[in-house]
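Input: a single structure, listed below in structure tokens.
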Amino acid sequence: MKFSFDKKKMTDVLARIQGLTSRKTNLSITSDILVHATGNSISITANDLETVFHGTYDAHVESEGILSIHSRKFFEIIKEYPDEDVLINEVENRWVEIGKGDSLFHIVSSDYENFPETPQITDVPFVEIKAAELKKMVDVSSVVGFSGEEKRIYVLGSLLEKVEREECLFLRIVSTDSRRLHCYDAPYEGDLVLPNESIIIPKKGLSELGKFISLNDDTLKIGIKDNHFIVQKENESMMIKLLEGEYPDYKPVINFESMVPIEMDKTLFSTVLKRVSILTSEDYKSVIFNFNENELLVTITNPEIGESKEKVMIGYTGEEVKTAFNPKYFVDALGVIDKENISMYIKDSKSPCIIKPYDNDQLICVIMAMHIS
Amino acid sequence: MPAIRILPEILSNQIAAGEVVERPASVVKELVENSLDAGATHITIEVVKGGKSLIRVSDNGSGLSRDDALLAIERYATSKIFSKEDLFSISTMGFRGEALPSIASVSKFRMVTKRGDDNAGTLVDISGGKLVNVEETGAPDGTMVEVKQLFFNTPARKKFLKSDNTEISHISDLVSGLALSHPKIQFRLFSNQKLVKNFSSLHDPFQRSVHILGKGVQQKLYPIDHQNDEIRVKGFCAHPSFSRSSSGRIFLFVNHRLIYDRGLVSAVLRGYQGRLMKGKYPMVILFLDIPFDQVDVNVHPSKREVKFYNYQQVYQMVTLGISSALMRAQEQMGSYSQKPVDGVSKHGVSQPQRDSKPFQKPYQEAGKVSIRDWGNQTLVSEPVNTPVQKSGFIRENDRPGTPVAQDRAEFIPEKPLPENTGKSDSLDMTFEPADAGISGARILGQVMGTYILIESVSGLTLIDQHAAHERIMYEALKHRYGNLDVISQNLLVPETIELSYREVDALEQCLEELALLGFIIEPFGDTTFVIRALPSMIDEKQAGPLIQEIIERILAEKNRSVTEEWLEETLILSACHRSVRANQSMGELEIRQLLKDLEGCENPMHCPHGRPTMIAWGQPDLEKMFKRQV
Ligand SMILES: Nc1ncnc2c1ncn2[C@@H]1O[C@H](COP(=O)(O)OP(=O)(O)O)[C@@H](O)[C@H]1O
Ligand SMILES: [Mg+2]
């Protein structure tokens, strides 16, 4: 097998899949990529047993073949390679020669037969979605992460659903860690066919997807089939294996109908929260929100560090409500809201707080209260 | 001794009837306790074939008259209790008047006894419970009881006897126990005519303890002494490195009676908490003096078990007694952290080598060729505040006011444990003031990216950086916990847990306590519960398994509170998460801070999981290893 390709183009591709191939799995070969040279192109596959990336690129192929090579080493070599054109040549028996002339590498590759198989999924019922919208879905849901030893499916993955709102169809993504929940509705084009079971996409895969989407792309195709979430570009695709399990009924928590709305300025609120967050610590992360007529008082008293107080004028006329929250969740939520005006909904000291853009319901963030005794 | 009376019927009914004689060791126990009751100061125990063919106990006690000797072998004859009140405040060993007749009914039994004032003694022979001979005989003052062919007439029970070795080891443990609680009395144990244990009356309690626990512990045995108005806890506890996988080296005495009580063993373990690995048991000799009306020793016929009326208080005293003993010992950080070397010197006091020539000025001598040369010597003159990043840095301690190890021409000797307290009956041990610590030590560097090597007054010391940091974090968190409000985070998706009925009971009892800790848990019908909120400290974890684990542990260890359980569990966990890992390089300033913080810890020698944080080799240890000293 012998081929050559453009250094810059390949470096971009390889950079995007490093996350995928650096994930620890039970198989060491998942840190390899599979390179397949045929006709006048090469294809690259990365597979961490959950998410599969596949892309096809122009190349000059002298002789066809397949090889499985260590992704990071391959990436580093290509990235640092002095010339614009890189020659790859399988010299003999899995010895791969990279480069020619003055700069030459010989790398041992693995037996490509051991590379995990790419699921063969055909006839996917694709719909079209704007790249920016898909990116937003990924961003909104991936701020709500999970910790290393997490086992709860609904924390490990985000829910994908079709919803109808104001006579329009949306693709909704819901993400929670049980302390807060983000929910984003993206418009799409086409006839979306979804299976009956809950579609739970692992957050790990979603974060790889985030790198996959480039804002240069205009629209992307997405679809669900054979237990995979599939995203397709012209020459690249990504398949994420879905998680199996039930997703809790989240709808009651995002319902803000019985709550009091308060209009706020996002930037102002965000800076206030960032200031009070200064006094939080790993052991002490709660801030008290005291809603009074036309006034919100945000205080924190961390016995180990000190205390702070912030007063914000708000349009509130209800009864006094005193409640506590982790300010980080507000900062996260405000970070994914693009609009300057937001609505904040509260009810009583035990109920969650909901924030969303003032003029639409596309994005809803729910933050659970804390109590201090 | 008062004359023997027959117990009134009512009393005898109150006494738990049961088997007095289970195995040879129980015979020995009854007989030796009788000797002790009779005021003997020398007691000789002879056994042949693990006591199966012969048990003979001779004493120099008060002896019995002919009439009393005959009475003594009748059921419920005792000189030791007289009223119902007496039964509840038993201060003598035997009280049931049951032992001699029971033993005599299952063996070939002979008693030879003589009071000091009498001219002649009495010999009584009984075979399988039948009196076969009574005669006058010449005899030394005191009593000798001989039990031959135990269970000869009850073959079924004889079958249950274990091998000679097993039986003798039970007897030997028993004699050790009795010897411990009666330090003034001489005990000798012969097995098959060979002297196997000799507890001289010249021993003090410390020496007796060392004798029993093994020479190795000599330098690492710490006195316990803790008391309140009612209870006094005394004894000795060994350094946690002498751990065992069973509780066999925990000797418990209540009012000088060797007993066994699981609760007390757990109390002992709690005293060692944070110093022992899970599943390990320490070596401890513990004497509990407690008013007689607060303890019931009569719940088990072989009298090994006790019931405390106010067990929580008792357990707490024991735990405190032990932890404070260890804490005091730890103040002598140097000797505490030293790896035990068996038999370094005869009396367990590792003598400082003040006048041994080659070591007069060990640091200065070594200077030219020592590992100090690993480092970049020019760094020595650098100003205090420049952190030295390079690995292998060596720098003298340049903080003003802190002693520099090099300036010490001699070792400050490790303080030996006092060998003899004078009063042989007293278990009191005093402690010398603490050693100088590790914070002033000379830092030699970090090795293998994981251990910190220092030279301190106790010698060469290796510190496990992760374990040490874990300890520091743990104590900081624990301290902090007391100051912080309890904050709990509501869950968006409440977790449900399914429990067994037993667990439901346990959980229901502690719901309120859990709520105070930040767990809001509500019943959800039948055996299901729902967790609505979690302490914010752990809100990233799945709560179900955690709660289940806490319940399990509460069920297993009754006298432990949820709060304690929980605190331990989470604090250890978060301490572990926040600590520097192995394979993380540390600069000198960081190391210096670590040493300082570690020294400031309550329990600096162990990480919260019980692993040691440091190992030290004193000069004698090194000399031994290099065969400079044999
Ligand atoms: N070694 C001994 N020296 C003096 N008296 C003894 C000795 N052994 C037993 N006796 C007497 O025999 C009595 C009965 O002994 P025992 O059956 O063991 O009952 P207990 O010890 O419960 O009173 C004792 O109360 C004591 O008076
Ligand atoms: Mg007795």
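Across region B:441-485, the number of residues qualifying as within 21 Å of B:ARG275 (Cβ to Cβ), open to solvent by 20 Å² or more (accessible area, probe 1.4 Å) and in contact with a strand residue (DSSP E or B) (Cβ under 9 Å, 6 or more places away or on another chain) comes to 3. Can B:THR92 be described as of a type in the set (Ser, Thr, Tyr), at pLDDT 80 or above and under 30 Å from the mean Cα position of the chain (by Cα)? It is false that B:THR92 is of a type in the set (Ser, Thr, Tyr), at pLDDT 80 or above and under 30 Å from the mean Cα position of the chain (by Cα). Taking first residues from region A:346-373 that are within 14 Å of another protein chain (Cβ to nearest Cβ) and over 29 Å from A:LEU171 (Cα atoms) and partners that are of a type in the set (D, E, K, R) and assigned to a loop (DSSP other than H, G, I, E, B), the Cβ contacts under 7 Å between residues at least 6 apart in sequence or on separate chains come to A:ILE372/B:ASP485; A:SER373/B:ASP485. Restricting to region A:13-27, count the residues that are of a type in the set (D, E, K, R) and surrounded by 13 or more Cβ atoms within 10 Å (Cβ to Cβ). Residues in region A:13-27 being of a type in the set (D, E, K, R) and surrounded by 13 or more Cβ atoms within 10 Å (Cβ to Cβ): 2 in total. Scanning region A:120-153 for residues that are β-branched (Val, Ile, Thr) and within 14 Å of another protein chain (Cβ to nearest Cβ) yields a total of 2. Of all residues in region B:486-502, those satisfying the criterion of being away from chain A (no Cβ under 14 Å) and either open to solvent by 30 Å² or more (accessible area, probe 1.4 Å) or within 19 Å of B:GLY600 (Cα to Cα) (or both) are B:GLU498, B:SER500, B:TYR501, B:ARG502. The set of residues in region A:134-161 being within 16 Å of A:ILE254 (Cβ to Cβ) and in a strand (DSSP E or B) consists of A:SER158, A:LEU159, A:LEU160, A:GLU161. Looking across region B:514-546, the residues that are part of a loop (DSSP other than H, G, I, E, B) and open to solvent by 40 Å² or more (accessible area, probe 1.4 Å) come down to B:PHE524, B:GLY525, B:ASP526, B:GLU540, B:LYS541, B:GLN542. Taking first residues from region A:239-261 that are more than 12 Å from chain B (Cβ to nearest Cβ) and partners that are charged (D, E, K, R), the Cβ contacts under 8 Å between residues at least 6 apart in sequence or on separate chains come to A:ILE240/A:GLU50; A:ILE240/A:GLU208; A:LYS241/A:GLU50; A:GLU244/A:GLU197; A:PHE256/A:LYS356; A:SER258/A:LYS347; A:MET259/A:LYS347; A:VAL260/A:LYS347. State whether one or more residues within region A:209-219 are over 30 Å from A:PHE330 (Cβ atoms), part of a strand (DSSP E or B), charged (D, E, K, R) and away from chain B (no Cβ under 14 Å). The answer is no, given that none of the residues of region A:209-219 is over 30 Å from A:PHE330 (Cβ atoms), part of a strand (DSSP E or B), charged (D, E, K, R) and away from chain B (no Cβ under 14 Å). Candidates in region B:26-49 are the residues that are crowded, with 24+ Cβ neighbours inside 10 Å and away from ligand 2 (no atom under 14 Å from the Cβ); of these, the one that is nearest to B:PHE151 (Cα to Cα) is B:VAL47.
Which count do you get for residues in region A:169-198 that are more than 29 Å from A:SER351 (Cβ to Cβ) and either without any contact (Cβ under 8 Å) to a residue 60 or more places away in the chain or within 14 Å of chain B (Cβ to nearest Cβ) (or both)? Qualifying residue count, region A:169-198: 6. Only one of the listed residues (B:VAL134, B:VAL112) is within 20 Å of B:GLU33 (Cβ to Cβ) and within 16 Å of ligand 1 (Cβ to nearest atom). That residue is B:VAL112. Filtering region A:302-330 to residues that are of a type outside the set (Ser, Thr, Tyr) and not in a strand (DSSP E or B) leaves A:PRO303, A:GLU304, A:ILE305, A:ILE314, A:GLY315, A:GLY318, A:GLU319, A:GLU320, A:ASN326, A:PRO327, A:LYS328, A:PHE330.
Evaluation of B:SER58 against the conditions (1) open to solvent by 10 Å² or more (accessible area, probe 1.4 Å); (2) in contact (Cβ under 8 Å) with a residue 40 or more places away in the chain; (3) within 14 Å of ligand 2 (Cβ to nearest atom); (4) of a type in the set (Gly, Ala, Ser) shows that the sole unmet condition is (3).
Out of A:LEU273, A:LEU297, which single residue is part of a helix (DSSP H, G or I) and more than 14 Å from chain B (Cβ to nearest Cβ)? Matching residue, one of A:LEU273, A:LEU297: A:LEU273. Restricted to helices (runs of 4 or more DSSP H) entirely inside region B:96-203, those with at least 3 residues that are open to solvent by 30 Å² or more (accessible area, probe 1.4 Å) and either within 16 Å of ligand 2 (Cβ to nearest atom) or under 18 Å from B:PRO24 (Cβ atoms) (or both) are B:155-159, B:164-181.
Find all pairs meeting these conditions: Cβ atoms under 7 angstrom apart; at least six residues apart or on different chains; first residue within region A:294-320 and open to solvent by 90 Å² or more (accessible area, probe 1.4 Å); second residue of a type in the set (D, E, K, R). Pairs found: A:LYS311/A:GLU295; A:MET313/A:GLU295; A:THR317/A:GLU293. On the stretch given as region A:276-288, residues that are within 14 Å of chain B (Cβ to nearest Cβ) and not in a loop (DSSP other than H, G, I, E, B) total 4. For region B:517-550, the tally of residues that are within 23 Å of B:LEU477 (Cα to Cα), modelled with pLDDT of 80 or more and more than 12 Å from every other protein chain (Cβ to nearest Cβ) stands at 1.
The values are calculated or read from the model by the stated rules, or taken from the named source; none is laboratory data. These numbers were taken from a predicted model, which means no experiment stands behind them. Cβ: placed from backbone, ideal geometry, glycine included. Neighbour counts: every protein chain shown. Side chains are part of the model used for accessible areas, which takes the heavy atoms of the whole protein and leaves out ligands, DNA and RNA. Shrake-Rupley method; radii C 1.70, N 1.55, O 1.52, S 1.80 Å.
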